[in-house]
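The values are calculated or read from the model by the stated rules, or taken from the named source; none is laboratory data. Just so we're clear, the structure is a prediction, and the values are computed from it rather than from any experiment. Using ideal geometry, Cβ is built from the backbone for each residue, glycine included, and neighbour counts are taken over all protein chains shown. Each accessible area value is taken on the protein alone, full model and side chains, heavy atoms only, with ligands, DNA and RNA left out. Shrake-Rupley method; radii C 1.70, N 1.55, O 1.52, S 1.80 Å.
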Amino acid sequence: MVSTDPSPAPSIGTASPVPDEISTFALADLAGDPGWRRPVFVERELLILTTRGHGDAELDFHLLPCRPGTLLRVRAGQVLRCAGPQFDASVVGWTADALHGLAVDEDAAPTWRQLAGEDEDAVINEVSQLAVDCQRHGVGPAGRALLRHQLAVLLLRLALPDADQAGQRNEAETFQRFCREVEHGYQASRRVEDYAAALGCSVRTLTRACLAVTGRSAKQVIDERVALQAARLLAASDEPIAQIGRGLGFSEPTNFGRFFTREIGVSPGAFRASRDQPAGGRVVRPRPPVEPTGANGGRFRSGTPGGPGNSGRPGGPGIPSGRA
């Protein structure tokens, strides 16, 4: 568990009426403090279904508009902030091994999706039934099996819209494999050659796949993942800046500072110093996210982690995720 003092930030997604591998709870249970003063780390896998009101969720420093029927897929390790909040939502949380043995791709669901019509009705019904069964049947082998299969059905339903997309499938598969390698190796290497060797393909193949899916090169994808982790730690922990840089593979603090400033648009110190400021205007450097799924126009808050005030420029082909 992560806490605010003296170093890391409070972790979220663990509050639950049923202390089990799958649980349901309210959006307010996720806040590190009543006002969401800082972004907070998420330790569980989450689905957040907006039920009332309008507002923005800030996920990994991207603004995601929320209104009734908006569904967010939040990955463990991301940072989340819902200042206000100006909306209510039901949350489904699960541990990493909750779906072990079931043929479900947890990453197939898009980070942001606005449900409508029959899809919205089906998801609302499934989330509502999960909430009821978490209360009634959360204990015992049969109850746990029921919840696991209900969650699997929900995630499979959310993956259906992409099931028939055949265009650029090879590039998309290569890109996803690359993202998985980056997720496990970005702290050790930022060289495209290392990832190409691990995947058994050429640098050209990786670059072509990344350009086809995101419009950016493989090196840019790697660097953005490193910058994202740095921003998470700067915003949601009190770990020294030099130590964060060393943990991400920078032997010299100056090298880390130049890298972060180039990627995010402000220095690590300025980024951290502004995290507790109230919402307000700021200058940012908009950058499209790398996740290929979804199309919601999330806006990157690169200047300061705690407040809004970016250009409002749409985020490109998709919504950012921890696999960025």
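Taking amide H atoms as placed 1.01 Å from N in the peptide plane, the amide H of Ala57 lies under 5 Å from those of Leu64, Cys66, each 5 or more residues away in sequence or on another chain.
Accessible surface area normalised per residue over region 99-224 is 54 Å², counting heavy atoms of protein chains with a 1.4 Å rolling probe. Classify region 56-109: rounded, prolate or oblate, from the alpha-carbon gyration tensor (a ≥ b ≥ c, eigenvalue square roots; a/c under 1.5 rounded; otherwise prolate if a/b is larger than b/c)? Since a/c reaches 1.5 and a/b is larger than b/c, the shape of region 56-109 is classed as prolate. Which of Pro253, Leu156, Ser217 sits farthest toward the positive end of the charge dipole of region 122-261, with +1 on the Cβ of Lys and Arg and -1 on the Cβ of Asp and Glu? So the residue furthest toward the plus end is Ser217. Take the Cα radius of gyration of region 119-241 and divide it by 2.2 N^0.38 Å, N being the number of residues; the result is 1.46.
Distance between the C-alpha centres of region 212-255 and region 36-92: 23 Å, rounded to the whole angstrom. Taking all protein chains together and a 1.4 Å probe, the residues Ser23, Ser251 rank Ser251, Ser23 from largest to smallest accessible area. Annotation: extensible slack from Leu160 through His100 equals 19.6 nm (criterion: 0.36 nm per residue apart, minus Cα-Cα distance). Counting 0.36 nm for each residue step from Asn255 to Asp238 and taking away their Cα separation leaves a gain of 4.1 nm.
Across all Cα pairs in region 170-232, the calculated P(r) in 10 Å bins from zero up to the longest distance comes to 25, 60, 14, 1 percent per bin. Computed extension gain for His54 through Arg191, at 0.36 nm per residue and net of the alpha carbon distance, reaches 45.1 nm.
Each residue was assigned an accessible area with a 1.4 Å probe, and for Arg148 the value is about 50 Å².
Note on region 86-211: with neighbouring protein chains present and a 1.4 Å probe, carbon and sulfur make up 50 percent of its accessible heavy-atom surface.
Treating the beta-carbon of each Lys and Arg as +1 and of each Asp and Glu as -1, no other charges, what is the dipole magnitude of region 205-262 about its Cα centre, to the nearest 20 debye?
The calculated dipole for region 205-262 is roughly 300 debye.
Working from label points 7 Å from Cα in the Cα-to-Cβ sense, the Ser267 to Gln86 distance is 3.3 nm. Please give the per residue accessible area of region 234-274, computed with a probe of 1.4 Å over protein heavy atoms only, in Å². Result: 42 Å² per residue.
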